[in-house]
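Input: a single structure, listed below in structure tokens.
The values are calculated or read from the model by the stated rules, or taken from the named source; none is laboratory data. Since the model is a prediction, treat every value here as computed from it, not as a measurement. FYI the Cβ positions are ideal-geometry reconstructions off the backbone, even for glycines, and counts take in every protein chain you see. Protein only, heavy atoms only, side chains kept; ligands, DNA and RNA dropped before computing areas. Shrake-Rupley method; radii C 1.70, N 1.55, O 1.52, S 1.80 Å.
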Amino acid sequence: MRSMSLRNMWPAALALLVYGLSWRCDDQVLSLLALTSLGLVFWLSQVGLRRLTALPRYRQGWLPAVLAVWFLWFLISVLWSSAPYTSWLYVWILGSFPLIFLAWVWHTESWEARDQDQAWAWLRRGIFGSALILVGWAFYQYLYWKHIGMSPAGLRPYGPLLDTNSFSAWMNMLFFPGLLIWMARLQAYDQTPKASLKWESWGWLGLLTLLLLADFSTDSRGGLLSWLCTWPWVLWLFWRQPNAGKRLLLIGMISLGAFAVFQWSRNFDLVNHLTPNFIGHNISTVSRWLMWKATWNMYLQHPWLGSGLGTYFLWYPHFRLAGETASAGTYAHNDYLQFLMEGGPINLAFLLALAGGLFWTLLRLIRKLRKALTRDSRKLEAFGLILGVFVIAGHAVGNFIFYNMPLAILSGLFLARAWQVFGPAPVVITQAKTKLRLGLELVAGVGMSFEFISRLLLLLISVTLASQTWVESYLPKDLQVRTLLGCNQLLRIVDPANPGPFVLQAQLDTMQAKWFKSTHPQHALRLVNQAFHEYHQALYGIPENAPVYYRMGLLAIKDNALLKLNPEQQNQTVLDFWKAAIYFDPSNLQYRWEMANWEAHHGNPMGGLRVLAGTYQHPIMNKAEKPILKAMLVQYQEQWKVSVRNLR
């Protein structure tokens, strides 16, 4: 029994490791993204090897095949992406949903139902136990911000994510499965009164209360609406069931109390924000509509296959409408529209199939469950898991949800468990079919193994490159350069679309050129030209890479003695590079300040003033940065004796 228990803990441990690592992936912590992807690939590789050594039982059904094809579509779409490196990263963020579904299903599909239940019990403890950390995180943010005097409008916790609405979706996603588990425990207590069931039901009730408090502390309209729109399924399921009415009434009263606590501190602003007049005139809702219009215009530029996964933030500054000033321009706040823009109609079809399949599944199951509600708590819990995925699929209409890696991973796990419970029974296939199927899986396994090795190398190299201060402390300068050059060459083989090694190579070439300027000028010139070539190569991975253009402009200034450009050629070269940098990053004040001073140094102070003042009219300009820009304008006017009044 002990070895059986440990075996059943293994998939739960892997799932919790991947889930925990993903919490800060949305904070652009690429090392965590690499570790999370490594965990997924390692898990799938381990499952593939185990399947090659036995004659397993398979579940016949369409869902695993569709999700496998969906992930393959993510991978293939990198080939035509306008920014392949960015898309390659988002393959792992969006693809974590189908990958973890396949990992869990393939790992446990040959097990008996009892073992599957035990493995899920371990995972459930970890998921809902870690929910206490999320709730504590939200409460800490709320209380700390309140302590330092933040305005009520800013008291909106977001936990480990970057967006408060996404955090609200996370709480909703945990609430509905927890609610169905609580109801199942109470029904089991009605049939067989046990003290353990009683205390367990009280524990679940306490957790639901904390989840509701954390959810309503976010003041999210999208989260509240999706929460309300999911409740009818619960009411329909428990309609006229014994003791269900008073228990759901208790949850309703707790929900109302939790909502009132945080709305009272904000003067019930969320209630006012749901009125038609507010929605029609508030900057956040108006901006959202303008974002969707701009996203549609972006889709029309690539109507068949899209511009590439994760490229929204690169294209949006060129299509941003004048009245949209409330967003950071990173996501469309509508996953369905963004899936269409980035991946075309095929990508959108997969997401619509998921949402439509969830709706149809709930509709098909609810009548069956009502007849046997008190006899199968296992299916009741699985129904709650489907509700958990359903609630965020609805929330994705008004916010970016599936682009949050922990939510995508949790969706895959919830759907995998529901598939175990409601899917077709596993069957042992014949030897001939096994050889054919395992042969195909062997080919896929080789590809996954290569990807696993690639990701491992990428992680090690990323750590090395990110720890240059550590390298400098223990390695001589020459050895340090050779080490970084070796890492660069290896990284180019592993990930040729990554602009990082090209940029670092260009920096090393520039550094070495300084060493040879006085002794070997021809060699220094060759290194400078090579640096320009490396920068151009870096633009393949992200063509809209503003920092690369900015660095190329600096290189044309600092090493003009080697390039021997005449003043007119140098001026035009620098301006071309910096205009491109500002075009792709129009709100960057450093780029504008450098370019304005360069224009003034070359006899065009009014042109430089236009570069700075033009930021005021750009919709992406953050209001918080306008005082900084005003101070820069005053400094520029005093330095170059120009006046804003002279601007037309």
Item to check | the range 79-227 - Debye-derived log10 I(q)/I(0), Cα point model, q = 0.18, 0.20 Å⁻¹ | outcome: -1.15, -1.22
Checklist outcome for this item: Mean projected area, convex hull of alpha-carbon positions in the range 509-598, reported to one decimal in nm², is 5.8 nm²
Checklist entry - What FRET efficiency, computed as 1/(1 + (r/R0)^6) with R0 = 30 Å and r the Cβ-Cβ distance, is obtained for H318 and L565, rounded to the nearest 0.05? => result 0.50
Checklist outcome for this item: Heavy-atom accessible area with a 1.4 angstrom probe orders C229, C25, most exposed first, as C229, C25
Item to check | Largest-first ordering by accessible area, 1.4 Å probe, given options H107, H601, H302, H520 | outcome: H601, H520, H302, H107
Checklist outcome for this item: Rounded to whole angstrom, the alpha-carbon centroid of the range 166-229 lies from that of the range 337-398 at a distance of 18 Å
Item to check | In order through the range 72-85: 3J(HN,Hα) via Karplus (6.51 cos²θ - 1.76 cosθ + 1.60), integer Hz, x for Gly, Pro | outcome: 4, 5, 4, 5, 5, 5, 4, 4, 10, 5, 6, 9, x, 5
Checklist entry - What pairs from K579/K630; K558/K641; K146/K379; K517/K641 go past 31 Å between their alpha carbons? => result K146/K379; K517/K641
Item to check | Per residue Cα convex hull volume in Å³ - calculated over the range 212-257 | outcome: 61 Å³
Next on the checklist: I'd like the accessible area for S220, computed on protein heavy atoms only with a 1.4 Å probe and all protein chains in place. Round to 10 Å², please.
Outcome noted: 10 Å²
Item to check | Heavy-atom SASA rank of K379, K579 (probe 1.4 Å, accessible area, largest first) | outcome: K579, K379
Checklist outcome for this item: Here, L250 and W289, labelled 7 Å along Cα→Cβ, have an inter-label distance in nm of 4.5 nm
Next on the checklist: Please list the three semi-axes, largest first and in whole Å, of the ellipsoid equivalent to the range 71-146, using sqrt of 5 times the eigenvalues of its alpha carbon gyration tensor.
Outcome noted: 31, 28, 5
Checklist entry - How many nm is it between the label spots at V634 and W515, if each spot is 7 Å from the Cα in line with the beta carbon? => result 4.7 nm
Item to check | Global size of the range 141-185 as Cα Rg and Dmax, reported in angstrom | outcome: 14.2, 43
Checklist entry - To the nearest 10 square angstrom, how much accessible area does E594 have with a 1.4 angstrom probe? => result 60 Å²
Checklist entry - With every protein chain present, what accessible area does K246 have (1.4 Å probe, heavy atoms only), rounded to the nearest 10 Å²? => result 140 Å²
Checklist entry - Which length gain, in nm to one decimal place, applies between W10 and K146 when the Cα-Cα distance is subtracted from 0.36 nm times their residue separation? => result 44.8 nm
